[in-house]
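Derivation of every value follows stated rules applied to the coordinates shown; laboratory data play no part. Note that this is a predicted model, so its numbers are computed, not measured. Here Cβ is always computed from backbone atoms with ideal geometry, including for glycine, and neighbour counts include all displayed protein chains.
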Amino acid sequence: MKHTAFTKIHEKFGAKMLPFAGFYMPIEFTGINDEHITVREKLGVFDVSHMGEIWVKGPKALDFIQKVTSNDASQLFDGKVQYSCFPNGKGGIVDDLLVYKVNNETYLLVVNASNVEKDWNWLVKQNTDGAILYNASDEIAQLAIQGPLALKAMQKLTSTPVEDMEYYTFKKLEFAGVKDVIFATTGYTGSGGCEIYFANEDGEKIFNAVMEAGKEFGIKPIGLAARDTLRLEMGFCLYGNDINDTTSPIEAGLGWITKFTDSKNFIDKDLLLKHKNEGTSQRLVGFEMIDRGIPRHDYEIADASGKIIGKVTSGTMSPMMKVGIGMGYVQKDFVKAGTEIFVVIRGKLIKAKVVKLPIYKG
């Protein structure tokens with residue numbers, strides 16, 4: 001079981017700790033609803049040091065990234081971040097990831113914690129053109145400070161302007177007295193904020209500075225359980241639930257990160273283009289419960305007659321909306337917003353409706 005640089009701090013805050021993706025991680029502190037609402041209305045800090053970081057360098061770096069990812073990395077400028085995925089050669093997804101462009105010969109790939117080894121092995125196998133790969137996952141700590149007040153609070157810790165940074169960009173800066181911190185404005189909550197990357201040995205110093213800077217705004221440490229409810233309200237995919245080795249990015253609604261430009265030849269390009277042009281038999285949708293009930297992962301989805309038309313991939317009680325919400329794959333005739341579907345809960349058909357993402361519109 002791996003530990004992050006913040007394990008002792010989490011325990012000091014009274015976190016409920018459990019194994020997650022091979023790490024000993026904080027699941028909740030003061031309770032999911034309280035933590036969730038704190039992030040939506042103020043700001044919270046997440047330990048996301050379990051995520052993987054892989055450097056791709058050298059003159060062949062861009063060619064390699066263009067081959068292994070679905071999005072068009074040639075559109076990136078220095079300091080820009082892009083959401084993408086690794087197609088697996090069979091129409092499925094190895095993982096979804098973020099691509100950071102430092103310069104023409106330096107890129108950082110940020111991948112899911114549970115897939116670091118799988119992703120690394122996949123990239124090494126595909127690296128036939130001589131890109132320089134380095135897995136820095138065990139050396140880098142990462143905090144996500146999320147919420148509408150996050151950037152205002154974090155501005156106190158750096159002289160570099162960060163409050164006006166565009167979404168999905170990053171800067172390398174001095175932060176809380178630590179040099180060369182990567183400060184990015186991506187986020188998995190839909191409430192704004194930043195992610196900061198730094199060496200493990202600077203972890204305690206930076207965490208304490210973040211908590212102190214956020215104190216006047218009501219900052220709290222947030223666990224992985226609220227991270228999941230926050231991302232689900234936004235309709236953001238979770239690898240292993242909503243996307244996996246068998247789901248196509250097209251049926252997962254990730255056509256927008258799958259670019260079929262003439263200059264880009266990537267793994268599965270022809271197959272995924274076929275999916276795009278001919279359509280897929282099922283699509284991932286967001287939905288909201290009409291009847292009382294909480295959808296859960298792997299619950300069946302039916303039509304009004306009880307015929308099974310799909311399966312729930314993620315579900316919860318929305319802390320902001322106070323109704324059950326979820327995502328799931330349904331047959332293509334049921335994907336339109338407003339369509340009635342039914343979640344099978346304990347043998348009963350519980351009414352829901354398909355909604356446009358994000359599920360929570362606040």
Residue-ordered couplings for segment 241-252, obtained by feeding phi - 60° into the Karplus form 6.51 cos²θ - 1.76 cosθ + 1.60 and rounding to whole Hz (Gly and Pro as x), are 9, 8, 9, 6, 5, 10, 9, 7, x, 5, 6, 7
For segment 53-135: rounded, prolate or oblate by the Cα gyration tensor [a/c cutoff 1.5]:
rounded
Specify the inter-centroid distance of segment 299-352 and segment 1-36, based on alpha-carbon positions, in whole Å.
31 Å
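Please compute the net charge surrounding Ala213, taking Lys and Arg as +1 and Asp and Glu as -1 over other residues with Cβ under 12 Å from its Cβ. Mind showing how you got there, number by number?
On the way: positive: Lys152, Lys156, Lys215; negative: Glu212, Glu216.
In short, +1.
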Which value in deg cm²/dmol, rounded to the nearest 500, describes the helix-derived mean residue ellipticity at 222 nm for the chain, given -39,500 (n - 2.57) per DSSP H run of n ≥ 4 and division by the residue count?
-5500 deg cm²/dmol
Projecting the Cα atoms of Gly130, Leu230, Ala209 onto the charge dipole of segment 116-256, where Lys and Arg contribute +1 and Asp and Glu -1 at Cβ, the residue farthest towards the positive end is Ala209
Glu105 to Lys215: extension gain in nm, 0.36 nm per residue of separation minus the Cα-Cα distance?
35.6 nm
Where Rh is the Kirkwood radius over Cα pairs, Rg/Rh for the chain
0.97
Any chance you could check the Cα centroid distance between segment 69-116 and segment 163-229 for me, in angstrom?
21 Å
Which order do peptides 316-325, 186-195 fall in by mean Cβ count within 10 Å, highest first?
186-195, 316-325
Under the rule a/c < 1.5 gives rounded, and otherwise a/b versus b/c splits prolate from oblate, where does segment 293-362 land using the Cα gyration tensor?
oblate
Suppose every K and R has +1 on its Cβ and every D and E has -1 on its Cβ; what is the size of the dipole of the chain about the Cα centre, in Debye to the nearest 20?
880 debye
What chymotrypsin sites (Phe, Trp or Tyr not before Pro) does segment 191-293 have in DSSP loop regions with at most 16 other beta carbons within 10 Å?
Phe260
Between their Cα atoms, which of Lys90/Lys118; Lys67/Lys172; Lys12/Lys215; Lys57/Lys125 are more than 19 Å away from each other?
Lys67/Lys172
What are the ³J(HN,Hα) couplings of segment 56-70, residue after residue, when phi is run through the Karplus curve with 6.51, -1.76, 1.60 and θ = phi - 60°? Round to Hz, x for glycine and proline.
10, 10, x, x, 9, 4, 5, 4, 5, 5, 5, 6, 9, 10, 7
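Could you check what % of the DSSP bridge pairs in segment 235-355 are antiparallel, to the nearest 5?
Here the antiparallel bridges make up roughly 95 percent for segment 235-355.
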Using +1 at the C-beta of Lys and Arg and -1 at the C-beta of Asp and Glu, which of Asn244, Pro87, Ser74 has the Cα lying farthest in the positive direction of the dipole of the chain?
Asn244
Around Ala73, what is the net charge, scoring Lys/Arg as +1 and Asp/Glu as -1 over all other residues with Cβ under 11 Å from its Cβ?
+3
Do any GluC sites (Glu not before Pro) in segment 67-159 lie in a DSSP loop with no more than 16 other beta carbon atoms within 10 Å, and if so, which?
Glu105, Glu139
Could you tell me whether segment 184-340 comes out rounded, prolate or oblate from its Cα gyration tensor? Rule is a ≥ b ≥ c as square roots of the eigenvalues, rounded for a/c under 1.5, then prolate if a/b exceeds b/c, otherwise oblate.
oblate
Set Lys220/Lys322; Lys80/Lys274; Lys276/Lys332 screened for pairs whose C-alpha atoms are more than 24 Å apart
Lys80/Lys274
Compute, for segment 241-362, the length of the dipole vector about the Cα centre, with Cβ point charges of +1 (Lys, Arg) and -1 (Asp, Glu) only. Units Debye, rounded to 20.
420 debye
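What share of Cα pairs, in percent, lie more than 23 angstrom apart in segment 1-127?
45 percent
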